[in-house]
Structure formats: structure tokens, C-alpha cells
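See below for the structure under consideration.
Quick note: the coordinates plus some simple rules give every number you see, no bench work behind them. As the structure is a prediction and not an experimental result, all values here were calculated from the model. Cβ sites come from the backbone with ideal geometry, for glycine too, and all protein chains shown count toward neighbours.
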Amino acid sequence: MPSVTFTPIGIIHSCFRQKFGIPRQPGLVRAARGELELLPPYNRREALAGLEGFSHLWIHFIFHRTMAEGWRPTIRPPRLGGKKRVGVFATRSTHRPNPLGMSVVRLESIVEREGKLLLELSGIDLLDQTPVVDIKPYLPYADIIDDASGGFAPEPDGGAAVRFTVEVEQFCDHYQRQTRRDLRSLVEQILAQDPRPAYLHQSSERSYGMHLWELNVRWRIEDGGFLVYLIEPGEP
Ligand code: SAM
């Protein structure tokens, strides 16, 4: 078979500036927001005509951050505690023969700003600067499958307890007034999913940091839940 070359049609601007903290699938963190900027020659309003009537989109993208690491025939998915191996095609792993990802995300709006054509998205699981190769509307009549079974990956719990110090609450309020970004909900929803790798789930000692936008969010285990104790400027 001949090989095929794809040209990115757009690029993602995301709250996620590093891999740690990104939800494992879209829709798990509703407050995770980003923009898909269409790139020339695809940044034409007519190419989006009719799309605004759809609440959700399929985004097809390149796992650009991990593609240099190549693929593996078997994977230890986090949903199996990182211990048991399954075939790569039974997973949504980033380490695939062709590093293609696909995510259903909510389309919040389509805007033009500073000469750029942007799709405002939420519920994303995409790293900042992710190249996008296609956009398709999500079709409920075809894409919702009532009797689908989830194999070894049933619906995640997402119920970890999350608390904030008073100082962090104040920082979030101030940040939201300045930027209109709902940082508090974003952090709360990410931590509720417990973003730690499986091998650290038993650890109660460590504190953790994750980068969201231009911020370093620090949290630790306390009283069986997560306590967010500091948010400060910091790039990955
Ligand atoms: N929903 C997509 C899918 O099913 O193809 C992605 C699933 S994959 C398990 C989700 C993880 O991909 C995220 O937690 C993040 O760590 C990683 N990721 C997101 N964007 C990436 C990128 N551009 N390059 C490499 N890894 C990325």
C-alpha cells in the first residue's frame, strides 16, 4: 500500500501545557477548554458552514509529543492498574503504528479573533500545540450506541475528594476575574479523576505539580483526598 501524507488543518491551543494532568479521555473534565485554530489554506469560514448546529465534534489529531517514541504491540493501560498487558489495538494508547488520536469534544462557539478563525472547545483531552488533521460533526443517531460494552475500560469513577486552601480559593477567584477562566472547576475536575499513574496510587507521601496555562498547580494527598495548597506562575 502507498503511504499517505496528511497536512494539519489546524492547531490546538489548550489549557494543558504538559501531559501530566490531561484526562485520559475527552468529556471527563468539562472545564477543560481550548481553541482549535484553523491554519491556511483551511482557515475559510465557508469550510465550517453548517457546523455551528452541532453541539459536539470529532477531532482527529496527531500524538505529536509521543510519536518519536514509536509504537508497541502491547500496552499496559492505566485502567488495568498498569500491570496487565493488552494489544495496542485494544487500547486508546498514544503509542500506535500511526500516531492518530480522536476525541469527541463540545463545540462552544466559532469566533474570529485577531485575524484567526477559532473553534472554542471544551471537554478536551488535548495537549497544547497538538496538530489537528480533521474535524467531523458528532452524529448522535449514528455515534450513540446504546448496547455498547466497554471491555476492560468501564466508566471511570471520577469521585476523588478535592479540597483547596483558602489562599488557593482566593487565587482562583482573582484569576477568574482577570482571565474569565474557571481555574477552580478545572483543577477540581482533573483531580477528581486522579491523574496519578497507577504505580503511585498507593503512595501517600508525595506532593505533585501540574501545569495549566501559565500556572504551576501544587497538590498533595491529605485525609484520603487531594489538597491543592499552592498555585503559582510557572511553565513546564
Ligand atoms: N481521546 C484520544 C483517543 O482516544 O485517541 C486520546 C486518548 S489518549 C489515552 C489521552 C492522552 O493522550 C492524554 O491523557 C494525554 O496524556 C495524551 N495526549 C494528548 N495530546 C497529546 C499529544 N498531542 N501528543 C501526545 N500525547 C497526547
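Taking the number of other C-beta atoms within 10 Å as the exposure measure, put Trp219, Trp71 in order starting with the fewest.
Least to most surrounded, the residues fall as Trp71, Trp219.
Report the residue, chosen from Val168, Val111, Val133, that carries the largest GNM mean-square fluctuation when the chain is represented by alpha-carbon nodes joined by springs under 10 Å.
Val111
How would you rank Phe226, Phe164, Phe20, Phe6, going from fewest to most other Cβ atoms within 10 Å of each one's own Cβ?
Fewest to most other Cβ atoms nearby, the residues stand as Phe6, Phe20, Phe164, Phe226.
Straight-line reach from Lys19: which aspartates and glutamates have Cα under 12 Å away, leaving out those fewer than 8 places along the same chain?
Cross-link targets: Asp125, Asp128.
Glu52: net charge of surrounding residues, Cβ under 14 Å, Lys/Arg +1, Asp/Glu -1, itself excluded?
-2
Which whole-number percentage describes the relative contact order of the chain, with Cα contacts under 8 Å and a sequence gap of 6 or more?
Relative contact order, the chain: 27 percent.
Could you list which residues have their amide H under 5 Å from that of Arg196, counting only those 5 or more apart in sequence or on another chain, with H placed in the peptide plane?
none
For a quick check: sort Met1, Met102, Met210 by the number of other beta carbons within 10 angstrom, fewest at the front.
Lowest to highest Cβ neighbour count: Met1, Met102, Met210.
Quick check: net charge around Ile12, other residues with Cβ under 10 Å of its Cβ, Lys/Arg +1 and Asp/Glu -1?
-3
Excluding Leu212 itself, calculate the net charge of residues whose Cβ lies under 13 Å from the Cβ of Leu212, where each Lys or Arg counts +1 and each Asp or Glu counts -1.
Once positives and negatives cancel, what remains is 0.
What is the gain in length, in nm to one decimal, between Ala90 and Phe152 on full extension, counting 0.36 nm per residue of separation less the C-alpha to C-alpha distance?
In short, 21.4 nm is gained.
Give the lysines reachable from Lys136 as a straight Cα distance under 24 Å; neighbours fewer than 8 places away on the same chain don't count.
Candidates past the 8-residue exclusion: Lys116.
Skipping prolines and chain starts, which residues have an amide H placed within reach, meaning under 5 Å, of the one on Leu117, given they are 5 or more residues away or on another chain?
Leu38
For n ≥ 4 DSSP H runs only, could you compute -39500 (n - 2.57) per run for the chain, divide by its residues and tell me the 222 nm figure to the nearest 500?
Helix-only estimate at 222 nm: -3500 deg cm²/dmol.
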